[in-house]
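Below you'll find the structure, written out as structure tokens, and then a few comments.
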Amino acid sequence: MIVSLAASAYAGNTTTNQIDKIMSFDYAGNSLTPDQLEILAKNPELAAKRAEKDVKFLTDNAGKQMNDSMKNDKVPDVGVLTVSIPIGQDTTIYNCEVGNRGGSRSGASDWAAQYSTSDKWSDVSTWCVGVGSSNAWAWVGPRVYISGSGSKSANIIFRGRYYGGIFGCFGGSSNGRIRVSIYDYTLGSEMGGLTLWDRTASNGQRIMASDPSFSNAVQLTLQAGHTYAFRFGDAVSSAQYSLPYPDLSNTDFWNNGTGGDGLDATSVTVDFFRKELLR
């Protein structure tokens, strides 16, 4: 009896230590051992919590990938696919000149991402089955050069629409994020942004996203002589731990065109602040 209790206690401590190791990673990826994966397969709620950490990391990392991809771009020549705005002059822009896309995958998973500057949309999707994870990101928007001298604060008003959904199966999770942001090509960094929608679904949950006509402003001080990208961006991620059962977690902001699922840009207004007259 004493031996049996000791063995039981040892087994319990071993499992606890394994669970601590399973949850210790910001992103598990391919780091989990077969024994740890077996523990997750037998505990869907624990697997979902592990997947939730993964998708948060992956969606955050999608934003970093987006910015890193732009650091490799040279400052665009003025007049080459660029809108020039005199500092202080309110302007509404209806066209998009630039965009990009990317993603990553691990295990039994895949991703899709695409954008169109001519039709002004960016679409993304991910899926994973059994054991796997993936993320995807895309953005589209106008490229703007501020002419003149000095600096001036403005509201950058983004208008558009988005529609899509996320599904986290039992033992899995998915995340979706819609965000507008401003990137300064001259400084090589993102200067500001606003998250319009950010949700996580897990363990059998499905969440839909929809805004047929958003209008949201980001306040920023614009510098003359700098070139900016005003970005409409979407990012998604999925993670699943459900061997031997082929359960599927996925995201769908994907239409590969205007309308339907995905993110569509309508316009961007640069509304410069006006100082009140002294009385």
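The values are calculated or read from the model by the stated rules, or taken from the named source; none is laboratory data. This structure is a prediction, so every number in the text was calculated from the model and none was measured. As a convention, Cβ positions derive from the backbone with ideal geometry for all residues, glycine included, and neighbour counts pool all protein chains shown. All accessible areas refer to the heavy atoms of the entire protein, side chains included, with ligands and DNA or RNA removed. Shrake-Rupley method; radii C 1.70, N 1.55, O 1.52, S 1.80 Å.
Some points to look at:
- Of the peptides 228-236, 262-270, 174-182, 198-206, the ranking by mean beta-carbon count within 10 Å, highest at the top, reads 228-236, 174-182, 262-270, 198-206.
- Summarised as an ellipsoid, region 128-254 has semi-axes of 37, 14, 9 Å, derived from the eigenvalues of the Cα gyration tensor scaled by 5 and square-rooted, with the largest first.
- In the chain, lysine pairs closer than 15 Å at Cα, eight or more apart or cross-chain: 4
- Positive-end residue, region 151-279 charge dipole about Cα centroid, Cβ charges, pick of GLN223, LEU187, SER267: GLN223
- Candidates per chymotrypsin sites (Phe, Trp or Tyr not before Pro) in region 149-182, loop by DSSP, up to 13 other Cβ within 10 Å: none
- With the Kirkwood sum run over all distinct C-alpha pairs, region 229-279 has a hydrodynamic radius of 15.9 Å.
- Considering only alpha-carbon pairs that sit under 8 angstrom and 6 or more positions apart, the relative contact order computed for region 118-259 is 44 percent.
- Value of Rg to Rh for region 33-75 (Rh from inverse mean 1/r over Cα pairs, i.e. Kirkwood): 1.31
- Over region 185-279, equivalent-ellipsoid semi-axes from the Cα gyration tensor in Å: 38, 16, 14
- For the chain, share of DSSP beta bridges that run antiparallel, in % to the nearest 5: 95 percent
- Only one residue of ILE22, SER242, VAL98 has its Cα farthest out toward the positive end of the dipole of the chain, where Lys and Arg carry +1 and Asp and Glu -1 on Cβ, and that residue is VAL98.
- Table column - 3J(HN,Hα) (Hz), region 103-114, Karplus curve with 6.51, -1.76, 1.60, x for Gly and Pro: x, 8, 8, 8, x, 7, 7, 7, 8, 9, 8, 7
- A convex hull fitted to the Cα coordinates of region 120-191 yields 127 cubic angstrom per residue.
- A convex hull fitted around the alpha carbon atoms of the chain yields 153 Å³ per residue.
- Of all accessible heavy-atom area on region 181-279, the percent that carbon and sulfur account for (1.4 Å): 48 percent
- Entry comment: accessible area of the chain is 48 Å² per residue, from protein heavy atoms only and a probe of 1.4 Å.
- Spread of Cα-to-Cα distances over 5 Å intervals beginning at zero, given as percent, for region 30-173: 2, 8, 14, 16, 15, 12, 9, 8, 6, 5, 3, 2, 0
- From the Kirkwood radius over Cα pairs of region 207-246, Stokes-Einstein at 4 °C and 1.567 mPa s returns a whole-number translational diffusion coefficient of 83 µm²/s.
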